[in-house]
Amino acid sequence: MRLLKPPLRDDTSEGEKKLHHDTEKLVARVAQQQVMAFLASPASFLIENSTTPVVMQKLKKIYDEAAKHSYMLWTRRTELRCYTLRNLEQKEFDAESPFFDPDALVRYEDHDDQLKDRPVTVMVHPLVQVAGTDEAKDYDQERVWAKGVVWLDSKMT
């Protein structure tokens, strides 16, 4: 997934440009510190040849991307909300829900409408919604960013 940064505006002052550049350097430095902490931890034993330059470069790229994503999400004015099985008010399956899709292993198509109102047993992927706008408005209106993916008991009794 490629990270898209908003371009600097034409009316950006030199001070704002410097702040932007300094922030990018600090984010990169934190990512590098995290790579070094990872390699100093027992988790490094999970990676064969963890000290080779190729592996180091791959890890650096992963941590750089993660740090940039984290910073971009942290500075957004919209609010992300993540819902898991524990947060669900309605725990019965509804194929027409705008919030959830059945996992492919459920084989919903094989059961027609027989699975409606069956209890959801597992969420494979949480429901992610966003509220608000970049103009800091409409926080009471949520939009689905990623539907939740659910499993349910599809065995017919």
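Observations, loosely collected:
- Residue ID - modelled with the lowest pLDDT, chosen from residues in the range 107-157 that are of a type in the set (Ser, Thr, Tyr) and farther than 22 Å from Cys82 by Cβ: Thr157
- Scanning the range 69-81 turns up no residue that is assigned to a helix (DSSP H, G or I), farther than 30 Å from Thr121 by Cα and over 20 Å from the mean Cα position of the chain (by Cα).
- Filtering the range 118-150 to residues that are part of a strand (DSSP E or B) and more than 20 Å from the chain's Cα centre (by Cα) leaves Pro119, Val120, Thr121.
Listed here are the residues, each with its yes/no results for (1) more than 17 Å from Ser70 (Cα to Cα); (2) without any contact (Cβ under 8 Å) to a residue 60 or more places away in the chain; (3) of a type in the set (A, V, I, L, M).
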{"site": "Ser13", "(1), (2), (3)": "yes, yes, no"}
{"site": "Thr23", "(1), (2), (3)": "no, yes, no"}
{"site": "Gln32", "(1), (2), (3)": "no, yes, no"}
{"site": "Met36", "(1), (2), (3)": "yes, yes, yes"}
{"site": "Phe45", "(1), (2), (3)": "yes, yes, no"}
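- Filter result for Thr75 (under 26 Å from Thr133 (Cα atoms) and β-branched (Val, Ile, Thr)): yes
- For the range 89-106, the count of residues that are part of a helix (DSSP H, G or I) and at pLDDT 75 or above is zero.
The values are calculated or read from the model by the stated rules, or taken from the named source; none is laboratory data. Small disclaimer: the values here were computed from a predicted structure and weren't measured. Reconstructed Cβ throughout: ideal geometry from the backbone, glycine too, with neighbour counts over all protein chains shown.
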